[in-house]
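Read through the structure below, which is laid out as structure tokens, and then see the notes.
Any read-out appearing in this document is the output of simple, stated calculations on the displayed coordinates, not a laboratory observation. This is a predicted model, so every value here is computed, not measured. Cβ sites come from the backbone with ideal geometry, for glycine too, and all protein chains shown count toward neighbours.
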Amino acid sequence: MRPRGFAGFPRKTPRLVPNLLRRPGGVVMQKASVLIVDDEPGIRDALEDILKDRYHISKAEDGRAAIKSLERVKYDVVLLDLKMPYITGLDVLKEIRRNRFDPSVIMLTGYATVETAVEAMKLGAYDFLRKPIGMESVKLVVERAIERKSLVDENRYLHKQLEDTFSFSRIIGKSRKMRDLYALLRKIAPTKTTVLIQGESGTGKEVVAKTIHYSSPRKNKRFIAINCGGVPETLLESELFGHTKGAFTGADRTKQGLFEAAEGGTIFLDEINTAPLSTQVKLLRVIEESAFIPVGGIKEITVDVRIMASSNIDLNKELSNGTFRKDLFYRLNVVRIFLPALRERREDIPLLADHFLQKFCREQKKTVRGFTPEVVEWFLRHDWPGNVRELENAIEHAVTLCSDDIIQVGDLPTSITSPTPEAGLSAIKFPFKKAKETFEKEYIVDILKANGGNVAKSARMAQIARQNLHEKIKRYGINAKEYASA
Ligand SMILES: Nc1ncnc2c1ncn2[C@@H]1O[C@H](COP(=O)(O)OP(=O)(O)OP(=O)(O)O)[C@@H](O)[C@H]1O
Ligand SMILES: [Mg+2]
């Protein structure tokens, strides 16, 4: 009935297996694993004895065996002898780097090979231990190496998670309008261009801003969003640009502003239309000169920050009544993104609905297969004044109430299932036959849109014979091709 497993669905976050997760308080959750590589059995055994209480130990007697083992197991630490027959420790280290295995490597070295050990450090070894090896120093160095490894893993894991969350695949939609949007995002993401994002409430302005940031070279720096309408006018300027001590009553210490905090990254000025004219002047200057003076300060601060802004009203109107500066508008408006209302891209509704269904099932640990055809019908007919956010909330509501494995009309919020007053009134103005036809025509158009103009699929969704649908399409003079998504 409804599309499943569409291409845009985000992949599950691949979990980089951090062998040990450090929880706040420094508790090591799992035993770390250590590979000991040395051609002398005596040394292998001695090291094993020292470390076996705390770690999982594996051993290899030469370079070849070590590489084999590294291919199979993700070790946290490798203790690696430098001088071995056939393949030297240095070669093993190179192999480790080349294959991007990422254990911390500690070289084991005699006096004669200290210089080579230094070379190994340059190649990315974490540390080296001189033979004869002291028990305490082994424990200490291995412990530190593991700490570093878990930090690197965690860092990488967090980064990956962020990137995954805001990769393009997280913006759901395959309608023409959305595909045009992706093409535009791909072009502007790598640049520093100022972007103005316009669209009704809940159309995804913030999601788009984040996506641009996390697809840009700035992704490792901060993305800071500030809702200009959410901060009292008198405080907005000091929030953005910071203030010096004593700049105003209550400024009892110097405070860094968000522009400085976002250095190297992106700042998203949400609802910029609500910023007072005085702040607009300062914003204009940051855009033009990348510089500003904190409130009460005298020294100018220079920053490298990409600016994005959003507005859920038409800024052109604000220009004509003088509440928004023209010069700022033109500076912001280098690239303007219009996000379509959900009712203008109804074919994306099933996709989004499915996406949110999976999201809330995961969150609430429920198994719900899908929606009844009546529910889909309601979804397609509703006007969604709150756009994607309204749909998301409706599905959260439905998943919470749903006691079956399929969402029924009764699970939906009444705001969706009770017809709007206008719709009700307009319908009763017509005689029954006309009202029915009006409904039928709208219904067919919606269902065609939802299925990209595919009549067979639409017939299946509507649970009527294809021939029957063809006849109706002809009767109402509908052009199915118009709704083709290709
Ligand atoms: N295309 C989309 N795909 C998936 N989720 C979306 C999409 N658009 C919006 N959302 C979700 O809808 C909700 C609202 O999006 P967002 O906050 O970006 O909207 P907004 O335009 O900034 O709204 P407002 O003007 O009210 O601030 C969020 O939970 C977001 O994850
Ligand atoms: Mg927003």
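Just want the ordering: Phe439, Phe324, from fewest to most Cβ atoms lying within 10 Å of their own Cβ.
Phe439, Phe324
For the chain, give the magnitude of the charge dipole about the Cα centre (Cβ charges: +1 Lys/Arg, -1 Asp/Glu; no others), in debye to the nearest 20.
Numbers: 79 positive and 64 negative charges, 314 e Å.
The dipole magnitude comes to about 1500 debye.
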Handout entry: Tilt relative to the chain, helix 205-214 - C-alpha long axis, 0 to 90 degrees, to 10
Key = 30
Handout entry: For the chain: relative contact order, % (alpha-carbon pairs under 8 angstrom, 6 or more apart)
Key = 12
Handout entry: Proximal charge balance of Ala291 [Cβ under 12 Å; K/R count +1, D/E count -1]
Key = -2
Problem - Inter-site label distance for Glu71 and Ser278 at 7 Å from Cα along Cβ, in nm - result: 7.0
Problem - Residue-count net charge about Glu61 - beta-carbon cut-off 12 Å; Lys, Arg +1, Asp, Glu -1 - result: -2
Handout entry: Approximate spin-label separation Leu235-Thr193, in nm, with each point projected 7 Å along Cα-to-Cβ
Key = 3.6
Fill in the blank from the handout: The local net charge around Lys205, scoring Lys/Arg +1 and Asp/Glu -1 for residues other than Lys205 whose Cβ lies under 11 Å from its Cβ, equals -2
Handout entry: Förster radius 30 Å - calculated FRET efficiency between Thr249 and Asn321 (Cβ-Cβ, nearest 0.05)
Key = 0.40
Exercise for the section: Note down the magnitude of the dipole of the range 345-483 about its Cα centre, charges +1 on Lys and Arg C-beta and -1 on Asp and Glu C-beta and zero elsewhere, to the nearest 20 debye. Expected result: 580
Problem - the chain, Rg to Rh (Cα coordinates; Rh as Kirkwood inverse mean 1/r) - result: 1.11
Exercise for the section: State, to one decimal in nm, how far the label point of Ala484 lies from the label point of Phe432, with both points 7 Å from Cα in the Cβ direction. Expected result: 4.0
Exercise for the section: For a footprinting-style exposure proxy, rank Val375, Val368 by other Cβ within 10 Å, fewest first. Expected result: Val368, Val375
Problem - Length released on extending from Tyr86 to Asn454, taking residue separation times 0.36 nm less the Cα-Cα span - result: 126.0 nm
